[in-house]
Amino acid sequence: MASPTPLRRQPVQQRSAKRVQRMLEACAELVDELGYDGVTTTLIAERAGVAVGSLYQFFPDKRAVVQALTQRNLDQFMAEIGRRLDEAHLQHWWDGADLIFDSYVRMYREVPGFSRIRFGDVVDLRLIDGERDNNTVIAENLASFLADRFGIPFEDIRLPVAVANEIADGILNLAFRRKLFPEAMVIAEAKMVVRSYLSGQMKVVEQAR
């Protein structure tokens, strides 16, 4: 089972921290070029300019490197959503669905390795956290973040956000991996469906209070 802390040991010195970041960046580049199955720890070490023994000081295997890369991507995803929400000043939390889509799409198109492994599903459905599947980790991060940001009870939005996340994942699969229709058209449909679902669900919650 995956560990939420894949590092064998945390880098203490700045030089070690930079070395670990080089390994993650090298891994992302190689995943883009070769796919997950084509990447090895030796290739990661060579691309990062470190000895393979240095890599093993921090990571037990390739999976752990990808796990750390995935966690870094998730942290960046949440940070970008926070910045976008700060700039947007939305009236309702569910209006942030478009911003979340835009952040994901940007990462898919621009962040090395992300289009190949996304948030880890290609490697393992429980890559981020061995106790929960990847989509659950992402949905609960989003729900907790939105609850804190908009001052609403976490339990009121936990299920709607989880359902919206599954809907979004399925439609984005249609946009990026099945390629049956133009990407922009499918993404616009996804935004409309998720926003409509969330606003409708929250009206039901508010009426029930």
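Kindly check whether there is at least one residue in segment 144-155 that is under 15 Å from ARG72 (Cα atoms), open to solvent by less than 60 Å² (accessible area, probe 1.4 Å) and either part of a helix (DSSP H, G or I) or out of contact with any Leu (no Cβ under 9 Å at 6 or more places or on another chain) (or both). Even if it seems obvious, please write down each step before you answer.
At the first step, the residues of segment 144-155 found to be under 15 Å from ARG72 (Cα atoms) are none.
No, segment 144-155 contains no residue that is under 15 Å from ARG72 (Cα atoms), open to solvent by less than 60 Å² (accessible area, probe 1.4 Å) and either part of a helix (DSSP H, G or I) or out of contact with any Leu (no Cβ under 9 Å at 6 or more places or on another chain) (or both).
Might you let me know whether segment 29-49 holds any residue that is under 21 Å from the mean Cα position of the chain (by Cα), modelled with pLDDT of 95 or more, closer than 24 Å to ILE187 by Cβ and surrounded by 15 or more Cβ atoms within 10 Å (Cβ to Cβ)?
Yes, segment 29-49 has at least one match.
Considering (1) touching a Gly at 6+ places or on another chain (Cβ under 7 Å); (2) farther than 26 Å from MET192 by Cβ; (3) in a helix (DSSP H, G or I); (4) not β-branched (Val, Ile, Thr), say which one LEU85 fails and leave the rest.
(2)
With respect to VAL137, determine if the residue is free of Cβ contacts under 8 Å to residues at least 40 places away in the same chain, closer than 22 Å to GLU80 by Cα and not polar (S, T, N, Q).
Numbers: free of Cβ contacts under 8 Å to residues at least 40 places away in the same chain: no; closer than 22 Å to GLU80 by Cα: yes; not polar (S, T, N, Q): yes.
So VAL137 does not fit the description; no.
Go through segment 113-122 and count every residue that is surrounded by fewer than 18 Cβ atoms within 10 Å (Cβ to Cβ) and more than 15 Å from ALA64 (Cα to Cα).
Going through segment 113-122 one residue at a time, the tally reaches 1.
The values are calculated or read from the model by the stated rules, or taken from the named source; none is laboratory data. Predicted model only: the values in this text are computed from it and were never measured. We place every Cβ from the backbone using ideal geometry, glycine too, and count neighbours over all the protein chains shown. Ligands, DNA and RNA are stripped out before the accessible areas are found, and what is left, the full protein with its side chains, is counted by its heavy atoms. Shrake-Rupley method; radii C 1.70, N 1.55, O 1.52, S 1.80 Å.
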